[in-house]
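Here's the structure, in structure tokens; my notes come after.
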2 protein chains.
Amino acid sequence: MQQTANPVLVEFTRGNWVENRHRAAFCVADSSGKIVASAGDVDHPIFPRSAIKSLQALALFESGAVDQFALDDRDLALACASHKGEPIHVEGVERFLDKIGMSADQLECGAHVPSDKAAREAMRAKGETPTALHNNCSGKHTGMLAVAKAMGVDPKGYIEQDHAVQKLVRSCVEKVVGDTMSTDRCGRDGCSIPTWASPLRGFATGFAKLSDPNSDLPALYTQAGQRLFDACAQNAMLVAGTDRIDTDAMEAFKGQLMMKVGADGVFCGALRNSHLGFALKVDDGSVPAAEAIVAGLVASLAEASDAQKKLLAQWSHKTTKNWRGFEVGAAHLSGEFASFL
Amino acid sequence: MQQTANPVLVEFTRGNWVENRHRAAFCVADSSGKIVASAGDVDHPIFPRSAIKSLQALALFESGAVDQFALDDRDLALACASHKGEPIHVEGVERFLDKIGMSADQLECGAHVPSDKAAREAMRAKGETPTALHNNCSGKHTGMLAVAKAMGVDPKGYIEQDHAVQKLVRSCVEKVVGDTMSTDRCGRDGCSIPTWASPLRGFATGFAKLSDPNSDLPALYTQAGQRLFDACAQNAMLVAGTDRIDTDAMEAFKGQLMMKVGADGVFCGALRNSHLGFALKVDDGSVPAAEAIVAGLVASLAEASDAQKKLLAQWSHKTTKNWRGFEVGAAHLSGEFASFL
């Protein structure tokens, strides 16, 4: 299926000439599903990847795991996190595992070195090998182990699409997004769990609902949504880590903004006051391009102060230096971007 | 200036759904400028980056440096290289510098760690710091120092667009490409020299001329073109390095193919027997997407054997594994790609 060309929303200019172009689509919606702003094809199914960890985390509420294990906001933030493997993350996941009486060797996400440079170098200096705890998805996987335990099912193989845990996760996401996920549009994520493709329109609406205590979701979901929104918005360092747009922006908006990156150029999020949700995907999968777009979206949608605008501008217009330190160009929002707001 | 959407030539499929799309343009031309095959906008100026090092190296002939310093094919291959900083490259550049009586501290390309993992780890194990010799462009920069010396000008500042060396390099490229480079379409490359934007059509024709002893270029250029073609095609390891498509493909075609990657999704090259030149640029700058396209182009244009086709297919259809080793998807040529050949 050939997708219609989405608009160019981000460009990289080298010297005085545009070198690279990134096409993308985005959707901003309220909790009734009304589209407030959009660009490109918002009905084409895209893989949301890690951008919907907070929707997947609804299974912690649906299964009763939150009450059973007395999970706090830090546990919930880690369940929604794509972290950098910094000490704060690794220790947090260890505590979460302790709380549910399970261990790191039950995590099925695989191991990789921390994406945080300082954490990586510290590990190398000590001669340590990365474990599943350092995987950026270790908190989400711990949450899925908690769901398995609360459901009373064998956690083994919890990453597979026909395991009870993934069936519950899928049904939670479907309820909020308002779409039936199909095995015809399914892939395996970097951390091995299934990712289901669905349109940006549904994800934007779903995040709006998460932020809106008066949405049409069942009471369990609206309450869980409020709790997850606050857990993420107020524990941004746990959700993302050092020098990440998610951390910087959520901290700058002091509880009013929840947002989350997904691999291959995805972001989802919502604003507390306006109850607007947003979702975006860059066609070619570029994360820096997605960062520029989300920075532009948040700056436009939130009633941002000058300081907040300045912070966001650092992500929506990012200069590149070469090996000698010369500024050779900049990634920036296209001239067309503003026309979609 | 808004460019018309180029076609999607490469897709990344995760599971059973296309996750990412890469739009691109390519041009295949003969030495008279006749287009044999193309996709997308071949008249839109693009930055060729390192893909035209062999055209820039014509200045070594124009200045008389090749004769004056008795440069051999290995020196010429290094002048055309984007290498990985492996011992073979570093030693080769040191020998080239000796030959012209200059030293590494005159290189203005800046230093970076070798892109080759083994070379990088060996350097780290010895506690060494990278120098300009390890910069992937150190051979080209040594060539530019040779040009300066042959011209009798002060080499200092040879990276600037108004230095005599860059003026000569620019004029050589203009002559072969058949376009006047403009300061309105100029940027600074990663290694600090100017890169001039010009259409794919001209680059494809220029490379066809490089491969054709009977092109309409002046005799100095046709002879230099033959020499540069052979120097690259027969010293692929010097031009690129270990585990690179340029190395693998040029070695597999045993002197019949010359090709070169450029940063941000560019390739240029030519075929010896058919005298066809090609040039391509991926809109979003993806190098893996460009590798898939060039593999598809070469497989189609060259009279490839089964073994050569098999090798190229490894680059035009590349699977991705996740942290657990599961195959999660593949980057591959789009269904549309073949329709442009």
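The values are calculated or read from the model by the stated rules, or taken from the named source; none is laboratory data. This is a predicted model, so every value here is computed, not measured. When we count neighbours, we look across all protein chains shown, and the Cβ atoms used for this are built from the backbone with ideal geometry, even at glycine. Quick note on the areas: whole protein, heavy atoms, side chains included, nothing else; ligands and nucleic acids left out. Shrake-Rupley method; radii C 1.70, N 1.55, O 1.52, S 1.80 Å.
Annotation: Cα Rg of the stretch B:8-340 relative to the compact-globule expectation 2.2 N^0.38 Å equals 0.96. Just which residues of the stretch B:8-47 lose 50 Å² or more accessible area with every protein chain there, against their chain alone, with the probe set to 1.4 Å? Residues meeting the cut-off: B:ARG14, B:ASN16, B:TRP17, B:GLU19, B:ASN20, B:ARG21, B:ARG23, B:PHE47. Shown here for the stretch A:300-339: GluC sites (Glu not before Pro) in loop regions (DSSP other than H, G, I, E, B) with at most 16 other Cβ atoms within 10 Å, namely A:GLU303, A:GLU336. No disulfide-compatible partner, judged by a Cβ distance under 4.7 Å, exists for the following cysteines of the protein assembly as shown: A:CYS27, A:CYS80, A:CYS172, A:CYS186, A:CYS232, A:CYS268, B:CYS27, B:CYS80, B:CYS172, B:CYS186, B:CYS232, B:CYS268.
Considering only alpha-carbon pairs that sit under 8 angstrom and 6 or more positions apart, the relative contact order computed for the stretch B:1-125 is 14 percent. Between 0 and 90 degrees, the angle of helix A:219-233 with respect to the longest Cα principal axis of chain A falls at about 60 degrees. Put a plus charge on the Cβ of each Lys and Arg, a minus charge on the Cβ of each Asp and Glu, and nothing anywhere else: the dipole of the stretch A:8-340 about its Cα centre is then about 400 debye.
Across the stretch B:308-315, coupling constants 3J(HN,Hα) worked out from phi with the 6.51/-1.76/1.60 Karplus curve, θ = phi - 60°, read 5, 4, 5, 4, 5, 4, 5, 9 Hz, and Gly and Pro carry x. Contact order, relative form, for the stretch A:110-261: 12 percent (alpha carbon pairs under 8 Å, 6 or more residues apart, mean separation divided by residue count).
Here the mean projected area of the convex hull built on the C-alpha positions of the stretch B:6-119 is 11.4 nm². Helix A:87-100 and the longest principal axis of the Cα set of chain A meet at an angle near 30°. Other residues within the sphere of radius under 13 Å centred on the Cβ of A:ALA125, judged by their own Cβ, net out at +3 (K and R +1, D and E -1). What does the C-alpha gyration tensor say about the overall shape of the stretch B:47-107? Classify as rounded when a/c is under 1.5, otherwise prolate if a/b is larger than b/c, or oblate. Cα axes put the stretch B:47-107 in the oblate bin. Got a sec? Charge dipole of the stretch B:183-341, +1 on Cβ for Lys and Arg, -1 for Asp and Glu; which of B:PHE207, B:THR195, B:LEU238 is way out at the positive end? Of B:PHE207, B:THR195, B:LEU238, it is B:LEU238.
A P(r) calculated from all alpha carbon pairs of the protein assembly as shown, with 20 Å bins opening at zero, reads 18, 46, 29, 6, 0 percent. Which shape class applies to the stretch B:246-341: rounded if a/c is under 1.5, otherwise prolate when a/b exceeds b/c and oblate if not, where a ≥ b ≥ c are the square roots of the Cα gyration tensor eigenvalues? Prolate. Rounded to the nearest 10 degrees, the angle from helix A:164-177 to the longest Cα principal axis of chain A is 40 degrees. The mean sequence separation of alpha-carbon pairs under 8 Å and at least six residues apart, normalised by the residue count of chain B, gives a relative contact order of 24 percent.
Taking Cβ atoms as reference points and 11 Å as the exclusive limit, the residues near A:PRO45 contribute a net charge of -2, counting Lys and Arg as +1 and Asp and Glu as -1.
Per-residue ellipticity at 222 nm computed for the protein assembly as shown from its helices equals -11500 deg cm²/dmol, with DSSP H segments shorter than 4 residues left out and the rest contributing -39,500 (n - 2.57). Solvent exposure of the protein assembly as shown, expressed per residue, is 36 Å² of accessible area, with all protein chains present and a 1.4 angstrom probe. Take B:285-295, A:82-92 and order them by the average number of nearby Cβ atoms within 10 Å per residue, most first; the result is B:285-295, A:82-92.
Here the Karplus relation 6.51 cos²θ - 1.76 cosθ + 1.60, evaluated at θ = phi - 60°, turns the backbone of the stretch A:60-70 into coupling constants of 5, 7, 4, 7, x, 4, 4, 6, 4, 9, 6 Hz, with x for every Gly and Pro.
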